[in-house]
Amino acid sequence: MNKTQKITAHIPIGSLRRATAATGKGITETVRLGLDLIASAKAAEELRRLRGKMRLGLDVAELRRDRR
């Protein structure tokens, strides 16, 4: 089981209502989803920054033969 930490946060009511309405979930689940989305966005940003800077030893022709 993952460790958890109880927090107190002051969040504008309107923002909280819109977020929970958008997710259809409760406050805790909505906050967790928001945190996960922030972390995912950061990871995607880092991957975009690396675009074209890493050499991969892939043989495209071999990969395409695998699909047949």
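The values are calculated or read from the model by the stated rules, or taken from the named source; none is laboratory data. Bear in mind that the values here come from a model prediction, so they are computed numbers and not experimental data. Ideal geometry is used to build each Cβ from the backbone, glycine not excepted, and the neighbour counts take in all protein chains shown.
Quick notes
- Matching option when the condition is surrounded by 10 or more Cβ atoms within 10 Å (Cβ to Cβ) and modelled with pLDDT under 95, among ALA22, ALA44: ALA44
- Qualifying residue in the stretch 32-43 (condition: in contact (Cβ under 8 Å) with a residue 12 or more places away in the chain and not aromatic (Phe, Trp, Tyr)): yes
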